[in-house]
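Before any comments, here is the structure.
The values are calculated or read from the model by the stated rules, or taken from the named source; none is laboratory data. If you're wondering where the values come from, they're calculated on a predicted model, not measured in any experiment. Cβ sites come from the backbone with ideal geometry, for glycine too, and all protein chains shown count toward neighbours.
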């Protein structure tokens, strides 16, 4: 399938289109999840699709509460809910700022950080699953876990 508009763009313009699309999807998805969890969760306790349907905690348990705490600048509490999300949040902020600076000044410094968002998302997913397994071991052996599962 040919994209007449996209094929006429140079590499910098294509990077800009990808950047804008990633941000629109990322912000819309994150906003929808936080809004649904916040508004529905206030009325019905906690609203976690995974927990509600499968009865167990998911690898991203605490991610929404982490995002809400990040929005309120409660970094310590956000880190306690889901450390991987905090690290990914700061990675995205850094990569976005780097892209904007490179685009404005027509440079290509550390461009691999924002040209490989798909790799970053896979790494985030992998670390979230590892974090989930570590928390599951703590939970299984009834050890106090340093990462919170409270308010669920």
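Only one residue in 39, 57, 50 is surrounded by fewer than 17 Cβ atoms within 10 Å (Cβ to Cβ), under 20 Å from residue 130 (Cα atoms) and modelled with pLDDT under 75. Which one?
Details: 39 fails: under 20 Å from residue 130 (Cα atoms); 57 fails: surrounded by fewer than 17 Cβ atoms within 10 Å (Cβ to Cβ).
On inspection, the qualifying residue turns out to be 50.
If residue 122 meets every condition in (1) modelled with pLDDT under 85; (2) within 23 Å of residue 59 (Cα to Cα); (3) assigned to a helix (DSSP H, G or I); (4) touching a helix residue (DSSP H, G or I) at 6+ places or on another chain (Cβ under 6 Å) apart from one, which number is that one?
Checking residue 122 against (1) modelled with pLDDT under 85; (2) within 23 Å of residue 59 (Cα to Cα); (3) assigned to a helix (DSSP H, G or I); (4) touching a helix residue (DSSP H, G or I) at 6+ places or on another chain (Cβ under 6 Å), the one that fails is (4).
Within segment 97-111, does at least one residue satisfy the condition of being at pLDDT 80 or above, surrounded by fewer than 18 Cβ atoms within 10 Å (Cβ to Cβ), in a helix (DSSP H, G or I) and under 12 Å from the mean Cα position of the chain (by Cα)?
No, segment 97-111 has no match at all.
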